[in-house]
1. Step through the residues of segment B:374-381 one at a time and calculate ³J(HN,Hα) from phi using the Karplus curve (6.51 cos²θ - 1.76 cosθ + 1.60, θ = phi - 60°), rounding each to whole Hz and writing x for Gly and Pro.
2. Residue farthest toward the positive end of the dipole of segment B:174-394, with Cβ of Lys/Arg at +1 and Asp/Glu at -1: which of B:Y285, B:I194, B:Y295?
3. How would B:D59, A:D218, B:D155, B:D67 line up from fewest to most surrounding beta-carbon atoms within 10 angstrom?
4. Using +1 on the beta carbon of Lys and Arg, -1 on that of Asp and Glu, and nothing else charged, what's the dipole of chain C about the Cα centre, debye to 20?
5. What distance in nm separates the simple spin-label points at A:K180 and B:R144, each placed 7 Å from Cα in the Cβ direction?
6. In percent, what relative contact order does chain B have, based on Cα pairs under 8 Å that are 6 or more apart in sequence?
7. Using only DSSP helix segments of four residues or longer, with each worth -39500 (n - 2.57), what per-residue ellipticity at 222 nm results for the protein assembly as shown after dividing by its residue count and rounding to 500?
8. Using a 10 Å cut-off on Cβ to Cβ distances, tally the other chain neighbours for every residue of C:171-177 and report the average as a whole number.
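Please treat every number below as a calculation from the coordinates, not as lab data. All of these numbers come straight from a predicted model, not from anything done at the bench. Every residue, glycine as well, gets a Cβ built from its backbone with ideal geometry; the counts of neighbours run over all protein chains shown.
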Amino acid sequence: MRHATASFEFSERVGRAVHLAVCGAVLVFLVAPMLVVIPLSFNAEPYFTFTEGMLRLDSDAYSLRWYRGVVEGAEWRLALVNSIVIGVAATAIATTLGVLAALGLANPAMPGRGFVTSLLISPMVTPIIISAAGMFFFYSKLGIAQTHLGVILAHAVFGTPFVVISVTATLVGFDQNLVKAGASLGGGPFLVFRRIQLPLIAPGVISGALFAFAASFDEVVAVLFLGGLQQRTVPRQMWTGIREEISPEILAVATFLVMLALILLGTVEWLRGRASTKPGNAD
Amino acid sequence: MARPLRGARLRAVALTLPLVAFVAVTFIAPLGSMLVRSFYEPHVADALPRTLAALRAWDGSSVPSEDTFRILATELRWLDEQRKLGAVATRVNRLESGMRSTIMDTADALSSAEPGSWREAMIARDPIWEEPSAWLAVRRAGERYTMRHYLNALDLDRDPSGNIVAQSPDRRIYLPLLLRTLGVSLAITIICLILGYPVAYLIANASPARSNLLLLLVLVPFWTSLLVRTTSWIVLLQNQGVVNDLLVAAGVIGEDGRLALVYNMVGTLVAMTQVLLPFMILPLYAVMRSISPTYLRAASSLGATFRQGFVRVYWPQSLPGVAAGSLLVFILSIGYYITPALVGGRTGQLISNMIAYHMQESLNWGLAAALGVILLVTVMSLYLVYNRLVGIERMRLS
Amino acid sequence: MMGNRGEWTVPPRRQKNIFSALLVTTLGVWSAGCGTEGITVVSWGGSYEAAARKAIFEPFTAETGIEVHVESFNGGLAQIRAQVETGNVHWDVVDLEFGDAVKGCDEGLLEVIDIDELPPAPDGTPARDDYFEGTYTDCGGGLVYYSTAYAYNRESFPGERPSTLEDFFDLAKFPGRRGMRRVPLVNLEMALMADGVPTEEVYAVLDTPDGVDRAFRKLDTIKSEVVWWEAGAQPPQMLADQEVAMSTAYNGRIFNAQILEGQPFTIVWDGQVLDYGQTAIVAGTPRLEAARQFLIFASRVDSIAAIGRYIAYSPTRRSGMSLIGTHAETGVDMRPHMPSAPENLTRALRNDPVWWTNHAEELTERFSAWLAR
């Protein structure tokens, strides 16, 4: 740098300023929309814009009425229960199957690994409308359309790629000799798994599970095709709301979902931090 | 050595098998049943077996025999009594517009008649029965295995003699929509690259603490519900929304010059770009993080301007990230449904929305399936390219 | 690495507890969801559904103990057909537009019910004579008359205000976006009326290919400014937000926005299209008996008339007309707000459900292709 000419330094400084400005704008573009929703959800008026009172920070212009509406609304409550039940069940299935598969795939002896991996990841890249339409035909035939089971299976299969990917990532560089060593010391496969592999992959398992849960908690198309009135989830309820009558109640729910996202993100990042500070596992 | 290897292999397969079986049943089989729907259509064939048998001997250009008329009339009447005619008529109508009312009317008129000549009675009711096109429509609707949904999905049709021809101009909608979808996806990919590249560069070259903070800003939208983000855009962009209010307050536009920013293509583009941007930034960042800044420094110490250094040294090294991010964004946007459905209005719809329309509203499931298969093949080929170039195993979530 | 061993392992006993707790909650809530008794009744959302809840659903549950789960839809037979064709019927009773009811009944999508099973008028007149002509099918009786007319927000028009159907199609005189329902029904009729076709000739003109072309050409003149709505609750909202300058709407929705929310809306009755709805049972429902009970309850004159105390829709039964009174919550006289009030009928078209039964399929297809271009 010391050899650089003055004009280079100048243009570099301008360039850097422009670069920072562009990045700032892009980051605002990324984050601002979600932040706008939060104050608006406290709007005392049924509008989606800042009223003059809100801009004056007049306390009368703010209210909790939309939150009250959500908390008291039987439909939102049913939707929340459904979202949790479906999310937890789908996550449990996805995590169990996903972890096992990731362990299998991490084994160098696994035949056809590339093909199997892309098969297992395919639910994540297939356009959702196609998956949902196919499931509508097939699950109707099986008699599990319009049941919780149908939606849970759909969400489970959408969640498995997340588990497979995050667990596989933590297994990269895992020394299979440890398994052999454990086994040679007389540990059964289950004991070896619990004592050697599980502690190592736990952060991956938990992040994968959180991803799967978040995916289920946000999924609406499969619910549209496979769910009836009794399977209404929070996103499904929002969908109708957005398409038909945007009540500020939706903004209250949206604020809740933003908080949930922050919690999930915080947890995953925290886990990642822990995983990468472990000795011998430099991310 | 052979035995432990076989044991390891068996164990690996046994661990993977449950998920493979699960995916096969809950995911692959549904896709298969959609594939079958796209070319197998037994409904009319099952409903009009004798008419179709009689039409097999028909030359396809003359008016069919009295016998054929009688058989069709009998079958139509029976279906009408069973309240099953509507579904059949609807399917014939998809091949020849107007046939639904013709069939329903004819069955109604014949419900209690015992005419001397069925042929005359039916033609008297609706002269279209004199046209071979009506009978061709019935015959084609009765094909159990058919390519017509694919032809339809590609804006093609068959003329009376069976040649494949272009659909009449006012019914050509699917190919333009497919092209529009590809165009929109490409546009979004490019916009995401232009917006995402500088940000990824910034994050990759910042101090660890700041880089973590910036990454969080990228990850927050990534984790936030898609519906929330879409709602936000409606709130921001609508006529009386925040953006228009700001523009009016700033005097850029007048009160009656408010811009239409949502429920059209603009809404689709803006919202999808924001939704997909993290999928561009994260792979770019992952690659850029591994590019050592010493290369650029070396370039500048050799007298290269920043631009030269960037173009010759940095950009080529970041290309794997560009490819990964672009492919990912492109693949995801081709299949997008929710965002266009909510903010796209009439002009911002993509191919997925048309599939949803045929699934849920027109109930032309065969056509929906054919469009779905075409979309699926497109996406899967890109997925294979992605897999080749990037490697699915290297896909990271955070 | 080994030093961290055990860091992530939850003690086995607690592990088991967590799993069993999860399992129990899952199964508990799930069975609660599956085992719900009662029937699913499908209505139209928003203020009309709210009126139907108070007028019919709640009294029905009070009388029979059968719970009513309400789902909303935006009309059409597609969802019913999908359920019947795939054999998983989860809707029991649906409040349909009359044309759809006729068609659904024809196609075996609805359960047949003898008109004589429906309750007679209070004076003993049998149902078949009490219903206005043509307001029942083999699958049930009519519910209420409603109208699609257009309305505007007075704040959008400080100067001259629209007063005729022609004004709705006149972008030069009254610029601004228009709201219209995303179906051909009503829009084609209104387009022809605005193009100068007298009401009594509308369906005769539409019956010809040229007539249909003419209607679409008229719609072409405003297509660029149209915002398409699907749910009945949308037009009042779009008008309130001034997202559109004027919009076609179900008259009752506008009435409720005027009366309950004090919105400055005006309905232009000129060129209104009258229609009526019908409740019917989805064919093959596993809850047929409860659904029939509901249908019979909903067909009572006092049930039908009760709707008119919450929203401006009038009964399809003659004996119900004398029961039109005042709005239950505000005491407003309902008569002048009913689509059937004489002063609102100067130019009104009665929807022809039979014509639509025959043409809905083709015209919907053409309409969608037209929209997609």
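1. 4, 5, 4, 4, 4, 5, 5, 5
2. Towards the positive end, the residue furthest out is B:Y295.
3. Going from sparsest to densest Cβ surroundings: B:D59, B:D67, B:D155, A:D218.
4. Once rounded to the nearest 20, the dipole reads 1540 debye.
5. 5.7
6. Worked out over chain B, it gives 17 percent.
7. After summing the helix terms and dividing by residue count, I get -19000 deg cm²/dmol.
8. 1
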